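The structure appears right after this line, and notes come after that.
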Amino acid sequence: MRWIQKIAKGADVTKPNDNTVLQISNLKVDFETNTGEVNAVKGVNIHVDAGETVAIVGESGSGKSQSMMAAMGLLASNGRTQGSVTYKGEEILGLPSGRLNKIRGAKITMIFQEPMTSLDPLYTIERQLCEPMVQHGNYTWATAKKRAVELLELVGIPEPARKVKAYPYEMSGGQRQRVMIAMALANDPDILIADEPTTALDVTTQAQILELMAELQERLGMAVVFITHDLTIVERISDRVYVMKQGEVVEEGATKEIFGAPKHAYTKMLLDAEPTGRKDQVEDSAPLVVEADDVRVEFETEAGFLKPNHVLRAVDDISLTVREGQTLGIVGESGSGKSTLGRALLQLLPSSGRVVYCGKDITGASRKAMRPLRKEMQLIFQDPFGSLSPRMTVGQIITEGLLVHEPHLSAAERDKRACEALEEVSMDAAMRNRYPHEFSGGQRQRIAIARTMVLKPKLVVLDEPTSALDRTVQKQVVELLRNLQKEHGLTYLFISHDLAVVRAMSDTVMVMQKGQVVEQGSASEIFDNPQQDYTKTLVAAAALKLEEFA
Amino acid sequence: MMRYVLGRLLSAIPTLFLIVTISFFLIRVAPGGPFDLERPLEAKVMENLNKIYNLDKSIPEQYLLYLQNLVQGEFGPSFFFRDFSINELFAQSLPISIQLGLSALTLALIVGGILGVSAALRQNHGLDYSIMAAATFGVTIPNFVVAPCLTLLFGVSLGWLPVGGWEGGKLQNMILPVITLALPQVAVVARLTRGSMIEALRSNHVRTARAYGLSAYTIVVVHALRGAILPVVSYLGPAAAALLTGSVVIETIFGIPGIGRYFVQGALNRDYTLVMGTVVVVACFVIIFNIIVDLLYALLDPRVRFD
């Protein structure tokens, strides 16, 4: 699956040339905010030639999306632009929207990161696909409707004639992203800008969407601008790369060169950001911490008049054991029941089956009976922004659990424990008087970890703790978690859809699909020699990520 | 859908029953009766009156009697307007109040909607600030201030419009009361529309619409407004019920024979049947408008389903 390259022979494609369709010169983007002006993009030069694939790489906040949003006239109302953006020689920056609308949606189209919300929930797919076609005068409503069905077929949506009448809420994330791609192709664009199009998708869906885009580009020959933080995607699909950091392009060049011999320190750091290393193995004689037999969780949908209630089995008779100091990685795509399993084991959800914690049967234990154990059994969540109270200081957040579990501590003692916990997660103890909004995603996740560590737990369920973080930050958090585990002999249940991270963290791995265990075994067995087709698909979809640290 | 509406109407019956029961006993608890005057009536006269109006029966008996009549659609005779039944009073006044309220509601929706959308499109600019200032003004100035001011200006000083009266709902008689009644609603609708519109304009699917070069009209009206109107719809349900059942202040100031004044007169005169009648009418309006709101929701948002 190599993307086509339409590079004029002998031409220096690293400079704008006759084939250039989009040229961004000295583009600056500033935002007026309450706290002053933010310079999001500080004079970048990017050019895109006909038919090529250009990747713009960077971490969140690097200005990679805003550069393209500015070019398309899609900045938030407090955004200001300077510089020049030309499409086939015509200046489009600052064009009145009437003139700009002749280009965007027709010659230059976009797909976005959020497939769930990028389509209007109130209209059918058909209507939304047809609107731009009719708007740009290429089709009448009647011909557009025909074309909409063809487009859905082109992007691989089954039963296109029926699905075209569906509403977005009736489709999965992957399908919605396919619809967006169909919309982007409708008017035969010269340039397709894809802003993190696969980030919100499951790994197998991600692979399918990338494959689809590659195939379509080959067939239709448009240029693709791929905005992403994921270097494996970049290496796989792009001809040229721009690396952005803090609003500037720090390195640019052919993909092979950048990946072969990165010059800038930041590029090197990004390339090195895959979680590496392995967890030290734990003796099989270590005492059992969690032993679960036939755990089952069912959700009942409400029964209506003359409608039998429907039972959804989210976790279907799962058995597992975890020993002290071990990490069990639970892998699966969204909806596989992995988070539900984690919560059921902690008795946060009603379940059937048997759960034994440190030799003690806690199946169906009451809230009161569980309370003394809660101190030892902790949970860390995916969203570092939503899971910390914005009205409490970091110190208060960290020590809140102590108020329940160690009420005899004085305020001074609690404060001391907060300092220790912060130092343990490599943060300055002075930070305890600040509020969560002052911290980045990675720092917040460290605070969440400190909140857990302060209680000196035995078992920690980590529910996608690194999924919302940039790769470089992810790597640091993975290392931190491994060190804490070693130091305190912690037992982890590590829930994630990210195979690279799971591999770096786990002793044993369990692959889940539709509430059931597909495959279970040691990390090396699962990743190096998967037996089941589903596991093979998952590993293959994440293949490039795994290659880098195999 | 018919089944849903039918179900909702059926489930309204117990609600209505509770309302009727509570208010029936509540009004009886209030001191005084319909025939208590400053100079008491002769005992014999009083006795006869009580007999005619069934007030000599025990309260539970009266309650059952009232329910019986109500089921047949009879609100009973008025205690105060001696020659009229409550049904006759409402037959005359309710259409007037509905006409007045519906006009005010339509005006509020159109003007408030346009103002709200304009403010949202020019968020944090001069137009936005002036509309929102006016809206705050509109909400805070009570209608018993607005009404005389308008009458003074357009009725007395300029002489363009009549200062009062209804005359079968002539346009010039309607203008001032409708505007007065609509003003605070215009303000609320404008504020609500502005808020939800700003949110809608920032949403990802509106960004998609912009990225695909759709016209400003399509973006604003088709993609942003349809979702943004939902909070306004939920507000308008109860508001419509209140507007259509008349306004005491407006009807009094402009001398309009609507149903609104009966709320006050009925209560002051201990006109038991009139009070009960107005309560039932208002309750029915509230119930019906809530059903209409839910149906509108389903119409506007395909994700809302009734099965």
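Quick notes on this structure:
- Long-range neighbours under 6 Å by Cβ, at least six apart or interchain, first residue under 20 Å from A:Ala254 (Cβ atoms) within the range A:46-70, second among the acidic types (Asp, Glu): A:Glu52/A:Asp239; A:Thr53/A:Asp239
- Count of residues meeting criterion [buried (at least 24 other Cβ atoms within 10 Å of the Cβ) and either within 7 Å of chain A (Cβ to nearest Cβ) or aliphatic (A, V, I, L, M) (or both)] in the range B:187-199: 4
- Of the candidates B:Phe75, B:Phe80, B:Phe90, the single residue that is in contact (Cβ under 8 Å) with a residue 40 or more places away in the chain, open to solvent by less than 80 Å² (accessible area, probe 1.4 Å), assigned to a loop (DSSP other than H, G, I, E, B) and closer than 30 Å to B:Lys51 by Cα is B:Phe75.
- Of the residues contained in the range A:137-144, one or more are found to be open to solvent by less than 50 Å² (accessible area, probe 1.4 Å) and over 31 Å from the mean Cα position of the chain (by Cα).
- Looking at A:Pro115, A:Pro132, A:Pro197, just one residue is open to solvent by less than 10 Å² (accessible area, probe 1.4 Å) and assigned to a helix (DSSP H, G or I), and that residue is A:Pro132.
- A count restricted to the range A:145-165 and to residues that are part of a helix (DSSP H, G or I) and either farther than 21 Å from A:Pro189 by Cα or open to solvent by 10 Å² or more (accessible area, probe 1.4 Å) (or both) stands at 11.
- Residue count for the range A:72-86, restricted to those that are in contact (Cβ under 8 Å) with a residue 40 or more places away in the chain and either out of contact with any helix residue (DSSP H, G or I) (no Cβ under 6 Å at 6 or more places or on another chain) or within 13 Å of chain B (Cβ to nearest Cβ) (or both): 10
- A residue that is assigned to a helix (DSSP H, G or I), away from chain A (no Cβ under 14 Å), touching a Gly at 6+ places or on another chain (Cβ under 6 Å) and open to solvent by 10 Å² or more (accessible area, probe 1.4 Å) occurs nowhere in the range B:277-286.
- Residue within the range B:291-306 that is without any contact (Cβ under 8 Å) to a residue 60 or more places away in the chain, assigned to a helix (DSSP H, G or I), of a type outside the set (S, T, N, Q) and touching a helix residue (DSSP H, G or I) at 6+ places or on another chain (Cβ under 6 Å) present: no
- Against the test of being open to solvent by 90 Å² or more (accessible area, probe 1.4 Å) and within 23 Å of B:Val279 (Cβ to Cβ), the options B:Leu6, B:Leu70, B:Leu37, B:Leu64 yield a single qualifying residue, B:Leu64.
- Helices (runs of 4 or more DSSP H) fully within the range A:435-550 counting 3 or more residues that are closer than 28 Å to A:Gln347 by Cα: A:441-453, A:471-488, A:499-505
- Any hit, the range B:242-254, residues being in contact (Cβ under 8 Å) with a residue 24 or more places away in the chain, within 14 Å of another protein chain (Cβ to nearest Cβ) and of a type outside the set (Lys, Arg): no
- Subset of the range A:412-434 (residues that are part of a helix (DSSP H, G or I), free of Cβ contacts under 8 Å to residues at least 60 places away in the same chain and among the acidic types (Asp, Glu)): A:Glu413, A:Asp415, A:Glu420, A:Glu423
- Which numbered condition A:Met69 fails, given (1) out of contact with any helix residue (DSSP H, G or I) (no Cβ under 8 Å at 6 or more places or on another chain); (2) within 11 Å of chain B (Cβ to nearest Cβ); (3) part of a loop (DSSP other than H, G, I, E, B): (3)
- Count of residues meeting criterion [over 28 Å from the mean Cα position of the chain (by Cα), of a type outside the set (D, E, K, R), at negative phi and open to solvent by 30 Å² or more (accessible area, probe 1.4 Å)] in the range A:323-364: 4
- Residue selected from the range A:118-129 under the condition assigned to a helix (DSSP H, G or I) and among the charged types (D, E, K, R), by the criterion nearest to the other protein chains (Cβ to nearest Cβ): A:Arg127
- Selection from the range A:172-197 of residues that are within 15 Å of A:Gly156 (Cβ to Cβ) and either among the β-branched types (Val, Ile, Thr) or touching a strand residue (DSSP E or B) at 6+ places or on another chain (Cβ under 8 Å) (or both): A:Gln177, A:Val179, A:Met180, A:Ile181, A:Met183, A:Ala184, A:Leu185, A:Pro197
- Hits in the range A:95-104 (condition: open to solvent by less than 60 Å² (accessible area, probe 1.4 Å), in a loop (DSSP other than H, G, I, E, B) and at pLDDT 90 or above): A:Asn101, A:Ile103
- The single residue among B:Gly138, B:Gly164, B:Gly101 that is in contact with a Pro (Cβ under 8 Å, 6 or more places away or on another chain), of a type outside the set (A, V, I, L, M, F, W, C), farther than 30 Å from A:Glu32 by Cβ and touching a residue at least 24 places away in the same chain (Cβ under 8 Å) turns out to be B:Gly138.
- Residue within the range B:10-20 that is open to solvent by 50 Å² or more (accessible area, probe 1.4 Å), aliphatic (A, V, I, L, M) and touching a residue at least 40 places away in the same chain (Cβ under 8 Å) present: yes
- Selected residue (only one of A:Gly89, A:Gly63 is open to solvent by 50 Å² or more (accessible area, probe 1.4 Å), farther than 17 Å from B:Arg207 by Cα and more than 9 Å from chain B (Cβ to nearest Cβ)): A:Gly89
- In the set A:Glu196, A:Glu215, A:Glu274, A:Glu252, only one residue is acidic (Asp, Glu) and touching a helix residue (DSSP H, G or I) at 6+ places or on another chain (Cβ under 7 Å); that residue is A:Glu274.
- Looking across A:Lys536, A:Lys475, A:Lys458, A:Lys514, one residue alone is in contact with a Ser or Thr (Cβ under 7 Å, 6 or more places away or on another chain) and either open to solvent by less than 20 Å² (accessible area, probe 1.4 Å) or at pLDDT below 90 (or both). It is A:Lys514.
- Any chance B:Gln123 is assigned to a loop (DSSP other than H, G, I, E, B) and either touching a helix residue (DSSP H, G or I) at 6+ places or on another chain (Cβ under 7 Å) or not aromatic (Phe, Trp, Tyr) (or both): yes
- Residue ID - farthest from the other protein chains (Cβ to nearest Cβ), chosen from residues in the range B:210-225 that are crowded, with 24+ Cβ neighbours inside 10 Å and either in contact (Cβ under 8 Å) with a residue 24 or more places away in the chain or farther than 13 Å from A:His136 by Cα (or both): B:Ala224
The values are calculated or read from the model by the stated rules, or taken from the named source; none is laboratory data. All figures in this text were calculated on a predicted structure; none of them were measured in a lab. All Cβ positions, glycine included, derive from the backbone under ideal geometry; neighbour counts span all protein chains shown. Heavy atoms of the whole protein, side chains included, go into the accessibility calculation; ligands, DNA and RNA do not. Shrake-Rupley method; radii C 1.70, N 1.55, O 1.52, S 1.80 Å.
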